[in-house]
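Colleague: Sharing a structure below in C-alpha cells format, with a few things to ask.
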Amino acid sequence: PELADFCGWGPDALDLAGAWHMNALKDTPGTDWFTPAFNDSTWLAVTAPGDDRNFALPKQPAIYRRSFDLPADWVAKHPKTWIYLWDVNVAHTEQPETIYINGQKAGESPVQPPNIHWMTAEVTTFLQPGSNQVSLLLPDGYIGYRVYLSGTEPKQYPGLGAGLNQKWVDLVGWRQAVRVD
C-alpha cells in the first residue's frame, strides 16, 4: 500500500493533481490571493504533484492555486468531506501550511519542524457542487505527493479497522526490514 491508502485515498477520492498556478513569495501577491476572484493568470503554471521539475524550484514559501469542478453526485454521496495535503516537505520554518477553499480558511497545519509534512482539514461547509477554488500556502513551495478530497475521516493506527490495521503493520515491518538490510 501507499501512505495515502491509510488516509482516505482510494477509488472514491477526488484527486486534485493537475494544473496549478504557483507564485513564489518573493513579492507579496496582495491581501486577496486566496479568493476565487483573484487573478493568478500571470503566475507560473505547474503540474503538481507529479512534475519532477517542481523539486528543482527554490525551497521558499509559495502559493499554489487551482480551480476544480465538484460533481453534485459526489457531494451528495459524502455528507462530510476532508481535504488531504501531502506536500511531503521537511519544513524548517515556523510558517504553517494553510489551506483556503473558495476564499475561506479551511485549515492550518501545526508547526512541527523538521517533520515530513502532511495535513488534513474538514472542508464540508466550504465546498459547493460545481466550480470550487483551492489555495495553498506552502513554506517550502512545492507539493511532493498528493492533494485530494475524501469522504473518509482521518484515522490513525490502531483505529484504522481490521484490514487497514494489518496493512499498516505489514508496511511498518517492511520499512524496518528494508532499512536494516
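Values quoted throughout were computed directly from the atomic coordinates according to the rules given, and no laboratory measurement underlies them. All of these numbers come straight from a predicted model, not from anything done at the bench. Cβ atoms come from the backbone with ideal geometry, glycine included; neighbour counts cover every protein chain shown.
Colleague: What aspartates and glutamates sit close enough to Lys105 to cross-link, taking a C-alpha to C-alpha distance under 17 Å and skipping anything fewer than 8 places away on the same chain?
Modeller: Asp32, Glu97, Glu122
Colleague: Tell me the volume per residue, in Å³, of the convex hull enclosing the alpha carbons of the stretch 94-181.
Modeller: Details: hull volume 12.6 nm³, N = 88.
In the stretch 94-181, the Cα hull volume divided by residue count equals 143 Å³.
Colleague: Okay, next question. Highest mean first, what order results for 45-53, 155-163 on Cβ atoms within 10 Å?
Modeller: Details: 45-53: 15.0, 155-163: 10.6.
Ranked by mean Cβ neighbours within 10 Å, highest first: 45-53, 155-163.
Colleague: Okay, moving on. Suppose R0 equals 25 Å. What FRET efficiency, 1/(1 + (r/R0)^6) with r the Cβ-Cβ distance, do Thr42 and Gln128 give to the nearest 0.05? Don't jump to the answer; show the numbers that get you there.
Modeller: Details: r = 27 Å, r/R0 = 1.07.
Using R0 = 25 Å, I get an efficiency of 0.40.
Colleague: Relative contact order (percent) for the chain, with alpha-carbon contacts under 8 angstrom and 6 or more residues of separation? Provide the component values of the computation, followed by the final result.
Modeller: Working: 343 pairs, mean separation 57.6, N = 181.
Relative contact order of the chain: 32 percent.
Colleague: Describe numerically, in nm with one decimal, the distance between label points set 7 Å from Cα along Cα→Cβ at Ala72 and at Gln104.
Modeller: According to this spin-label approximation, the distance is 2.0 nm.
Colleague: If you stretched the chain out fully between Ala24 and Gln95, how much longer would it get, using 0.36 nm times the residue separation minus the C-alpha to C-alpha distance?
Modeller: Working: separation 71, 0.36 × 71 = 25.56 nm, distance 1.44 nm.
Extra length from Ala24 to Gln95 when fully extended: 24.1 nm.
Colleague: Can you report the principal axis dimensions of the stretch 138-181 using only the alpha carbons, biggest first, rounded to whole angstrom?
Modeller: Cα extents, longest axis first: 33, 31, 12 Å.
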